[in-house]
Ligand code: RB5
């Protein structure tokens with residue numbers, strides 16, 4: 001299972017502990033930082049993992065900040081992310097059985113190391129229960145489509161740009177009259193043009 005791991009300074013100590021723990025149960029997490037105790041901004045690190053989960057590049061993610069609240073807010077801004085703040089075992093189990101959570105969030109200043117390891121193990125071992133819960137997740141997807149249309153399409157832009165790059169496409173010819181707006185995606189060094197809710201990436 002491909003799992004991303006990230007934290008801010010409030011979760012650094014626990015992140016290090018959980019990275020070692022995951023290795024001991026034969027899971028090699030992709031550690032996206034932070035890599036020291038210096039103060040950083042949790043949205044920067046939460047977004048790294050949440051974006052990859054949103055795009056389907058990572059199956060799951062684990063995020064840790066001081067309380068877990070900030071990371072939860074950030075992660076749930078991404079379509080298809082169901083981030084659950086689970087500082088106890090009951091919430092953790094329900095987040096998998098009921099919500100099919102794909103990101104686990106823990107408060108590094110709230111939860112002790114041993115409990116955190118139990119939470120992680122339970123989260124990894126508990127399957128989604130399906131049934132009536134599936135219908136409810138469908139309703140969440142409907143809300144995403146309705147409320148996060150632009151964000152939803154934007155997240156697909158890097159994948160589109162990469163595919164375009166593979167085909168060695170140099171430009172997408174787009175009429176400026178139909179163009180909505182441009183934004184820069186520095187990570188993939190592409191420009192992305194948003195037209196009527198669709199994103200088209202082209203390599204520059
Ligand atoms: C950092 O001091 C703290 O605000 C952060 O780790 C987190 O708890 C935010 O929700």
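Every number here is computed from the coordinates shown, using simple stated rules; none is lab data. Small disclaimer: the values here were computed from a predicted structure and weren't measured. Neighbour counts run over all protein chains shown; Cβ positions are idealised from the backbone, glycine included.
With Rg and the Kirkwood Rh both taken from Cα atoms, where does Rg over Rh land for region 52-92? Don't skip to the answer; put the middle values down first.
Numbers: Rg = 10.4 Å, Rh = 10.8 Å.
For region 52-92, the value is 0.97.
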Inset, instruction - Calculate the spin-label point distance for residue 39 paired with residue 2, positioning each point 7 Å from the Cα along the beta-carbon direction, and give it in nanometres. - result: 3.5
Inset, instruction - Give, in nm to one decimal, the length gained when the segment between residue 147 and residue 28 is fully stretched (0.36 nm per residue of separation minus the Cα-Cα distance). - result: 39.3 nm
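FRET efficiency for residue 129 and residue 73, Cβ-Cβ distance as r, R0 = 25 Å, nearest 0.05? Can you show the working numbers first?
Working: r = 26 Å, r/R0 = 1.03.
E(calc), rounded to 0.05, equals 0.45.
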Legend entry - Distance (nanometres) between label positions extended 7 Å along Cα→Cβ at residue 98 and residue 136: 0.5
Legend entry - Modelled label reach - residue 114, point 7 Å along Cα→Cβ, region 3-31 residues with backbone N closer than 20 Å: 13-25
